[in-house]
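**Q** The structure's right below; bear with me while I get my questions together.
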Amino acid sequence: MKRSPAILKNRRGGGLGFAAIAYIGVDYLRFISPAWHDRLQPALWTILAIAAIIRVPFYKYWSSELRSAIPFIFAMLFLLSALLFEAISVRSVTAVLGLEWNSDASPLPDVGQWLVLSLNEKLPQTVVNILRARIIGLHHFLMLFIMLAFSVLFESVEAPGLGLGARFMFTMGIGRLLRAITFISTILPSARPWCASARFLVPQHPHPWAQKYYVPYATDSNAIRNVINWDTAYADPGEYDPEFRPDWGSMSFLIDFLRPTAPEGSSAWYHLLKKASGGCNDLIYSGHMLVAVLTAMAWTEAYGGYSSALIWIFVIHSAQREIRERHHYSVDVVVAIYVGIMLWKMTGLFWPMKDQSKATRLRRLEKIQGRLMRAAKDDDIEEIRELLKEVEVSSHVRENSNSKAMWLFSGGTIIFTLSMVLLAFTLTSDG
């Protein structure tokens, strides 16, 4: 049976796979030998950064990167907008029912959690310890993708790197929007009942919407039957404390969604939306797993090799840890996996990752095919060389290394992307 070359091998060596394994291994030393971790991690990042900078003058696809710059910027703005909507939604689903409901609501029965606990009793302790180990997290998958995008400098993956990054962010943005729409549609209790009280400072009682349309019909089966039959919210919601309403000016429409309290009601803006920490209700589907799956899909498609299989093993390990540590229910993890795969495949239908100069060269070759055939029949080597040179020049693959504008663009791109690396590493180091 023929094996898929995209997964089992690549044509560009194993340097990127080795760098990825080295990064994961060195970072895991924080749990085994913190002293060695403190020595090796800065050294590894320094080596990788220097290697990338050295390759910049020899990179010959800056024109492709320049063409991808505008889609990259738009994809980044789209992702940031999706993350903002998601951050508001995350807080809203916890705030609308209040801390009392979040603390008292029982977690949902989860077959995946039962399976994990059962395997703990049957598997060797060494295997269980490996499954429990925090080998890889959110920031690792983000860094693995950044390493993949930077590897265009070494021709490990095909240019443009900014095009690959733009597709990743655009796909992530779609995934985040779909996720937020999904979890705000039906509010599910957290697998960790103490989470909301520890993380959020919102009122204990439910919002007036929930007071009127949910609370009277939450536990009384007769009330549920009546509201179904009458299709009217007929019950008296009772008396609750009044809602705190700060003066947020033009942003006051968000008060009903975010439900600030007096101790934290001042804006700027709302303490940077409470620094966008994760939610406490069950947020179907898992955002962590979406990042992991999109990274694995990008790695498999762009690079291939046995390192891709290793990335997928990391995805599965991360999935069972999400369930084991009860950050998510099993359904969140399963849905995130197939949504991530389908979204990546979907965007691939209309978002070309490859260097467009290849298509240009092919079109040019089609035009001169007859002349090439005649030159080959006449054994005219010089004519063949001239024709192939025309193809190369017309595709504009190689750049003029003395172009001041291109040097400015390449320098700005490297500085910007390295800054993004530092920000991603700093802001997501806790997963």
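The values are calculated or read from the model by the stated rules, or taken from the named source; none is laboratory data. As the structure is a prediction and not an experimental result, all values here were calculated from the model. Here the Cβ is made from the backbone with ideal geometry for all residues, glycine too, and neighbour counts use every protein chain on show. Protein only, heavy atoms only, side chains kept; ligands, DNA and RNA dropped before computing areas. Shrake-Rupley method; radii C 1.70, N 1.55, O 1.52, S 1.80 Å.
**Q** Need the list of aspartates and glutamates near residue 345 for cross-linking: C-alpha distance under 14 angstrom, and skip anything on the same chain fewer than eight residues off.
**A** Partners within reach: 301.
**Q** Mind checking which aspartates and glutamates have their C-alpha under 16 Å from residue 377, skipping anything on the same chain fewer than 8 residues away?
**A** 386
**Q** If you don't mind, there's one more thing I want to ask. Over region 47-154, with every protein chain in place, what whole percent of the accessible area is carbon and sulfur at 1.4 Å, could you tell me?
**A** That fraction is 74 percent.
**Q** Just the accessible area per residue of region 95-242, please: how many Å² with a 1.4 Å probe?
**A** Ligands and nucleic acids excluded, the figure is 51 Å² per residue.
**Q** Determine the sum of side-chain charges near residue 285: Lys and Arg each +1, Asp and Glu each -1, restricted to other residues whose C-beta is under 13 angstrom from that of residue 285.
**A** So the surrounding residues net to -2.
**Q** Next up: Note down the net charge around residue 28, summing +1 for each Lys or Arg and -1 for each Asp or Glu among other residues with Cβ under 15 Å from its Cβ.
**A** +3
**Q** With θ set to phi - 60°, apply the Karplus curve 6.51 cos²θ - 1.76 cosθ + 1.60 along region 209-216 and write out the HN-Hα couplings as whole Hz, x wherever there is a Gly or Pro.
**A** 4, 5, 4, 7, 9, 10, 4, x
**Q** Where does each of 282-292, 296-306, 204-214, 45-55 land if you order them by average Cβ count within 10 Å, highest first?
**A** Descending mean neighbour count gives 282-292, 296-306, 204-214, 45-55.
**Q** How far, in nm, would the chain grow between residue 51 and residue 131 when pulled straight, counting 0.36 nm per residue and subtracting the alpha carbon separation?
**A** Contour length minus Cα-Cα distance gives 25.4 nm.
**Q** So what does the Cα-only Debye profile of region 12-153 read at q = 0.14 Å⁻¹, as log10 I(q)/I(0), no solvent term?
**A** Taken in order of the listed q values, log10 I(q)/I(0) reads -1.05.
**Q** Between residue 76 and residue 181, what is the label-to-label distance in nm when each label sits 7 Å out along the Cα-to-Cβ direction?
**A** 2.7 nm
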